[in-house]
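In what follows, a structure is listed as structure tokens, so that the remarks can point back to it.
What follows draws every value from the coordinates through simple rules; no lab data is involved. Values in this document were obtained by computation on a predicted structure and should not be read as measured data. Methodologically, a virtual Cβ is constructed for each residue, glycine included, from the backbone with ideal geometry; neighbour enumeration extends over all protein chains shown.
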Amino acid sequence: MRKQILDTTKSGKPESEHRWLNVEALARMEPSSEEPQHMIEAAMLPGGNGWKAASSGEQTLCMLFDDAQDLRTIRLVFKESLRPRTQEFLLSWSGDQGNTWRDIARQQYNFSSPDSTLEVEEYKVDLHGVTGLSLSIIPEISGGDAVASLAEWRIA
């Protein structure tokens, strides 16, 4: 008998099923702000400490590819264990270096410790010629001083 233990993701699919792109080698990142201890690079790798904005309010993260890419999967992971709030994000893509954007998903969800502290969104897409991805985060839709953060952003 042959046996192999598969490392699975939150979605229950084997991690090896995804061929995550090396974003550092393929794209330029443009965050609207970031804390020095939580730079955007930390959200591009599993197990990193994620990205966190330097100030409260809406934030935008742009991923601009050097060469057009074909994308099949986009995974976003958000974590919040300190503060109950309703967050919203908008994920968009561009095929013309960011001149125009098309929506992929707009999502709202509640964080409420201890039961709802993690939001994992994995989108199966069929996008060709992608030159940019944009992620806009409104950390608290009722206003307030919540700070946007992103634990993980992976693409395949």
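Miscellaneous remarks
- Long-range HN-HN contacts of residue 69 with modeled amide H, under 5 Å: 129, 130, 131
- Couplings for the stretch 86-102, taken from phi via the Karplus curve 6.51 cos²θ - 1.76 cosθ + 1.60 with θ = phi - 60°, read 10, 10, 9, 9, 10, 10, 9, 9, 10, x, 9, 6, x, 6, 10, 10, 10 Hz in order; Gly and Pro are left as x.
- Note on the stretch 61-109 and the stretch 136-155: Cα centroid distance 11 Å, given to the nearest whole angstrom.
- Sites residue 109 and residue 25, calculated FRET efficiency, Cβ-Cβ separation with R0 35 Å, nearest 0.05: 0.65
- Judged by the mean number of other Cβ atoms found within 10 Å, the most tightly packed of the peptides 56-62, 27-33 leads the ranking 56-62, 27-33.
- Value at 222 nm in deg cm²/dmol, rounded to 500, when DSSP H runs of n ≥ 4 in the chain each add -39,500 (n - 2.57): -500 deg cm²/dmol
- Taking amide hydrogens as placed 1.01 Å from N in the peptide plane, the amide H of residue 38 sits under 5 Å from those of 52, each at least 5 positions away in sequence or on another chain.
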